[in-house]
Amino acid sequence: VFVNGVNYGLHANIETYDDVMLERWMQSTKNLYEGAYFQDVIGSQYQQIEADEGDALDRTDLAALADANDNLDGAQWYNTWAKLVDVEQFINEWAVERYAAHWDGYSWTIKNNYYLHTTEQGVFSLHPWGSDQTLLGHLPFLETNSVGVMFIKCIQYSPCQQLYKGALRSVHLKAGELQLPSTIDDVWAAIDEHITNDPRKERGFDEAFGTANASKDFFGSRIWYLDSEIGTDQATNLEV
């Protein structure tokens with residue numbers, strides 16, 4: 001980015017969740033909610049979740065989801081939850097978050113940086129945000145300490161847990177198909193000169209180079225963690 005000829009450095013241009021984005025990607029929209037730090041879909045908190053699109057005063061869809069999360073467990077929770085949400089989309093989103101070690105999303109300790117979208121029919125889908133500092137380290141795939149209540153309830157109900165384990169395997173296979181380490185090399189080749197010339201960068205070039213290589217190495221360890229933590233005990237097909 002240059003402002004009046006002055007180099008303001010390298011920036012990411014990421015599509016914002018707004019009415020323009022929703023019109024492009026969603027068949028219909030009733031509401032779009034933005035979850036922030038430690039906010040969850042429970043009775044004591046759902047009113048504080050920001051409504052970015054739709055009618056901020058009509059939270060009947062969110063209230064129904066919070067009621068199920070507050071009062072039901074096991075099969076009762078799952079069967080009610082499955083009528084309110086796109087189950088496959090939720091489970092796949094959690095699998096991507098945990099696989100990519102996204103520690104700042106819904107399915108990890110902070111419960112942050114997530115969007116809940118509802119169609120005109122009131123069906124929820126879950127979407128990530130703020131997924132920087134990923135592809136580094138590891139998040140245990142089945143850890144449920146202080147994470148999102150819906151993720152916890154899914155893991156605690158064996159059929160839902162099996163679907164999640166299967167989704168993790170699917171994410172791993174897709175990551176292999178996409179050859180993501182090669183993609184990182186391609187991205188680095190396109191930006192390394194701009195990082196070098198960025199007069200306002202907060203970190204040094206060597207740290208950026210090291211992070212790129214660490215992200216490439218990240219994928220080599222995923223199969224070991226999958227095998228050691230979930231084994232071969234997972235659903236092969238998502239049936240809802």
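Between SER158 and THR211, full extension at 0.36 nm per residue minus the direct alpha carbon distance yields a gain of 15.4 nm. Full extension of the chain between GLN27 and GLN89 gives 20.8 nm of extra length, using 0.36 nm per residue less the Cα-Cα distance.
Once neighbouring chains are kept in place and the probe is 1.4 Å, which whole percent of the accessible area of the chain is contributed by carbon and sulfur? Percent of accessible area from carbon and sulfur atoms in the chain: 51.
Within the straight-line cut-off of under 26 Å between alpha carbons, the lysines reachable from LYS201 are LYS216, sequence neighbours fewer than 8 places apart in one chain being disregarded. Here's the list of lysines a cross-link from LYS153 could span, going by alpha-carbon distance under 20 Å and ignoring same-chain residues fewer than 8 apart: LYS83, LYS111, LYS165.
Computed over region 73-134, the percent of Cα pairs more than 17 Å apart is 43. The slack between TRP224 and VAL123, meaning 0.36 nm per residue of separation minus the straight C-alpha distance, is 32.8 nm.
Hey, for a label at ALA36 modelled as a point 7 Å past Cα toward Cβ, could you say which residues of region 109-128 have their backbone N under 17 Å away? 110-116, by backbone N distance to the label point. Taking every C-alpha pair closer than 8 Å and separated by at least 6 residues, the mean separation divided by the residue count of the chain gives a relative contact order of 21 percent. Its Kirkwood hydrodynamic radius, worked out from the mean inverse distance over all distinct Cα pairs, puts the chain at 19.6 Å.
Normalising the Debye intensity of region 1-73 to I(0), with uniform scatterers on Cα atoms only, and taking log10 at q = 0.17, 0.19 Å⁻¹ returns -0.76, -0.85. Rolling a 1.4 angstrom probe over the protein heavy atoms with all chains in place gives the chain an accessible area of 54 Å² per residue.
Region 109-124 to region 1-79: how many Å between their Cα centroids? Taking the Cα centre of each part, region 109-124 and region 1-79 sit 5 Å apart. Here the chain is assigned +1 on the Cβ of each Lys and Arg and -1 on the Cβ of each Asp and Glu. Its dipole about the Cα centre then comes out at about 500 debye. Scanning the chain for chymotrypsin sites (Phe, Trp or Tyr not before Pro) in DSSP loops with at most 13 neighbouring Cβ atoms within 10 Å leaves 39-240 as the longest stretch between them.
Of LEU226, HIS194, SER170, whose Cα points farthest to the positive end of the dipole of the chain (charges on the beta-carbon: +1 Lys, Arg; -1 Asp, Glu; origin at the Cα centre)? The Cα lying farthest towards the positive end belongs to LEU226.
The values are calculated or read from the model by the stated rules, or taken from the named source; none is laboratory data. A quick note: this is a predicted structure, and the numbers were derived from the prediction, not measured. Note: ideal-geometry Cβ built from the backbone for every residue, glycine included; neighbour counts use all protein chains shown. Calculation scope for accessible area: heavy atoms of the full protein, side chains included, ligands and nucleic acids excluded. Shrake-Rupley method; radii C 1.70, N 1.55, O 1.52, S 1.80 Å.
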